[in-house]
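I have placed the structure first, in the form of structure tokens, so that the comments after it can refer back to it.
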């Protein structure tokens, strides 16, 4: 997912998410079976800054 300024490359534009400047705090809505999210065993991939 790309955020902030619109990406120049056309292949990145479908996953572009406009965001204001400065720090952001992603919020996830989880729809999964089982108790993995609730008991803390579900692991998310790290978010990487591309700039």
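Computed over the chain, the per-residue total of -39500 (n - 2.57) for DSSP H runs of n ≥ 4 gives a 222 nm mean residue ellipticity of -1000 deg cm²/dmol, rounded to 500.
Between residue 50 and residue 27, full extension at 0.36 nm per residue minus the direct alpha carbon distance yields a gain of 6.4 nm. Taking 37 °C and 0.692 mPa s as conditions, the chain diffuses translationally at an estimated 243 µm²/s according to Stokes-Einstein applied to its Kirkwood radius (Cα pairs). Working from Cα pairs under 8 Å separated by at least six residues, relative contact order for the chain is 24 percent.
All of the numbers you see were taken from the coordinates with simple rules; none came from a lab. Quantities reported herein were computed from a predicted structural model and do not represent experimental measurements.
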